[in-house]
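Beneath this line is the structure, given in structure tokens, with notes to follow.
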Amino acid sequence: MTQQHVNRRDFLKRTAASAAAVTLAAPAIAQNTDGRVVVVGGGFAGASCARALKRIDPKISVTLVEASHTFTACPFSNAVIAGLRDLKQQQFDYKKLEGPINVTFEPATRVDTDARTVIIGDAARLPYDRLVLAPGIDIRWDGLPGYDEAAAARMPHAWRAGEQTLLLRKQLEAMDDGGLVVISAPANPFRCPPGPYERASLIAHYLKTRKPKSKLIILDAKDAFSKQGLFLAAWKELYPELIEWVPLSKGGRVTAVDPKSNTLTTEFGSHKAAVANVIPPQKAARIAEAAGVADKTGWCPIDPVTFESKLAPNIHVIGDACIAGGMPKSAFAGNSQAKGCAAALAKLLNGEKPDEPKLINTCYSLVSPDYGISVAGVYTPVNGQWTDVKGAGGVSPAKAPRSDRALEANFANGWFKTITEEAFG
């Protein structure tokens, strides 16, 4: 085993244990800070930011605005689809946040940037000195001809965990052995870049063990994807003849869907599926547009040091909704950004200059229950964008023994336990 491999294994152990390391100078707790921060969105980014900010400076008033009493996590939800995990294991409440943090269970509908006020529900108003938006994603319902909210009931996207996750699982369970499963993967950017390929892997595991006459096709709007070499090698080893990946250059981009016939059309032909998982184009959630922080791409440009919007003052955007340069849209990235943002906010509210952080992201994928792969990166602000620090990260070794793949699967489980504890207690 090479020294590089040993060092990388130690790195993954540490990041699995710490969930999201942030390299920055922790600001001293200000004795006279009197600031009001409202955080919209109670996912990995929002909940982590609220808790981190309160830990850094307990004197800051922090209010978390979240529409639902229960958060359903997307990481590991592909295992739910494959029948390896129960949805309840993905669900978390906010009871351990309430008290030090004011938690309001109402949807944020508008932002009055001039009055520095968030409008929640029908009319209630929450004033802020600094606003953090961590709203996650919305589906671009106009982004793929034939695919709308009604079509999602027949061709689930399952890209926001919950009912759609269970719907896709039930469709797989009801499918006859020998049926064709088709996954449509979108062009970048979108939430969790390796997600479609982990999903294909775990569905293939389900088919191999339950419905071995079936086949899975990935229709892809890209010619390359995260951890591609590792996934392709694993599929060849574990699921030969079961998974077919069709890239953009070979006609993989889906141009239209027909939910009535469960057909996906590409420039090269059409595919009639027994089960169709359509992952459509995405954008920042609706409140980002309402607040005026989303640009024409649908995502939110930010300053990488403070996470402040480049379009609206005193509003900071973290997590999947922001444009984070080289950082992917992932739970780990959102948690890492949350800690950096909290540190910056504490400085700003105390009239100080924020320190320039370095952020870490690690993304684990399960190819089977005991076969894990990962990618890790370190990011620093360069020319107004988060940029990958060359040589500081990497991917799982290409020719690692199966014992290492099993170890990475264990790391993935440990990471999920730690990051959910950090966010929700």
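What follows is calculated from the coordinates using simple rules that are stated; it is not laboratory data. For clarity, every value in this text was computed on a predicted model and none was experimentally measured. Don't worry about glycine lacking a Cβ; one is built from the backbone with ideal geometry, like all the others, and counts go over all protein chains shown.
For every helix of n ≥ 4 consecutive DSSP H residues, a contribution of -39,500 (n - 2.57) applies; sum these over the chain, divide by its total residues, and give [θ] at 222 nm rounded to the nearest 500 deg cm²/dmol. Intermediate results must be reported in sequence, preceding the final value.
On the way: 9 runs with 120 residues, N = 425.
Result for the chain, helices only: -9000 deg cm²/dmol.
Assuming a ≥ b ≥ c are the square roots of the Cα gyration tensor eigenvalues, decide whether the chain counts as rounded (a/c under 1.5), prolate (otherwise, with a/b larger than b/c) or oblate.
Details: a/c = 1.92, a/b = 1.45, b/c = 1.33.
Prolate is the answer for the chain, as a/c is 1.5 or above and a/b outweighs b/c.
Can you order the peptides 179-186, 317-324 by their average number of other Cβ atoms within 10 Å per residue, highest first? Could you put the intermediate results ahead of the total?
Details: 179-186: 23.4, 317-324: 30.2.
Ranked by mean Cβ neighbours within 10 Å, highest first: 317-324, 179-186.
With loop defined by DSSP as not H, G, I, E or B, and exposure as at most 12 other Cβ atoms within 10 Å, which is the longest segment of the chain clear of exposed trypsin sites (Lys or Arg not before Pro)? Intermediate values should be presented prior to the final figure.
Values: sites that count: K95, K213, K260, K296, K390, K399.
Here the longest run is 96-212.
Note the full-extension length gain between A115 and K296 as 0.36 nm times their separation in residues minus their Cα-Cα distance, in nm to one decimal.
Details: separation 181, 0.36 × 181 = 65.16 nm, distance 2.47 nm.
Working it through step by step, the gained length comes to 62.7 nm.
What is the order of S374, S226, S336, fewest Cβ neighbours within 10 Å to most?
Details: S374 25, S226 21, S336 30.
Exposure proxy ranking, most exposed first: S226, S374, S336.
Place +1 on the Cβ of every Lys and Arg and -1 on the Cβ of every Asp and Glu in the chain, take the dipole about the Cα centre, and give the residue among N78, P127, V40 whose Cα lies farthest towards its positive end.
After comparing all options, I get N78.
Please identify, among F307, F268, F92, the residue showing maximal mean-square fluctuation in a Gaussian network model of the chain using a 10 angstrom Cα cutoff.
Result for the chain, Cα springs under 10 Å: F268 fluctuates most.
Set the Förster radius R0 to 56 Å, insert the Cβ-Cβ distance between K272 and F105 as r into 1/(1 + (r/R0)^6), and round the FRET efficiency to 0.05.
Working: r = 43 Å, r/R0 = 0.76.
The computed FRET efficiency comes out at 0.85.
In terms of modelled amide H atoms, which long-range or inter-chain residues lie less than 5 Å from the amide H of I120?
Hits under the 5 Å cutoff: T109, R125, L126.
Taking a label point 7 Å from the Cα of K390 along the Cα→Cβ vector, which residues of segment 325-353 have an amide N closer than 16 Å to it?
326
Would you mind ranking W141, W159 so that the residue whose beta carbon has the fewest other beta carbons within 10 Å leads the list? Present the calculation step by step, with values, prior to reporting the outcome.
Numbers: W141 14, W159 24.
Neighbour counts put them in this order, fewest first: W141, W159.
For the chain, the longest stretch holding no GluC sites (Glu not before Pro) located in a DSSP loop with at most 10 other Cβ atoms within 10 Å is which?
On the way: sites that count: E149, E241, E267.
So the longest stretch without any such site is 268-425.
Using the Cα centre of segment 151-278 as origin and beta-carbon charges of +1 (Lys, Arg) and -1 (Asp, Glu), tell me which of F225, G269, A151 is placed farthest towards the positive end of the dipole.
Projecting each Cα onto the dipole axis, the largest value belongs to A151.
Given labels modelled 7 Å from the Cα in the Cβ direction, how far is it in nm from D355 to K59?
In this crude spin-label approximation the distance works out to 2.0 nm.
If the reach is capped at under 20 angstrom between alpha carbons, list the lysines near K347, excluding any in the same chain fewer than eight residues apart.
Within the straight-line limit of under 20 Å, K347 reaches these lysines: K54, K59, K310, K339, K358.
Apply the Karplus parameterisation 6.51 cos²θ - 1.76 cosθ + 1.60, with θ equal to phi minus 60°, to every residue of segment 99-116 and state each ³J(HN,Hα) to the nearest whole Hz, in sequence, with x for glycine and proline.
Values, residue by residue: x, x, 10, 7, 10, 10, 9, 9, x, 7, 9, 8, 10, 9, 5, 5, 8, 6 Hz.
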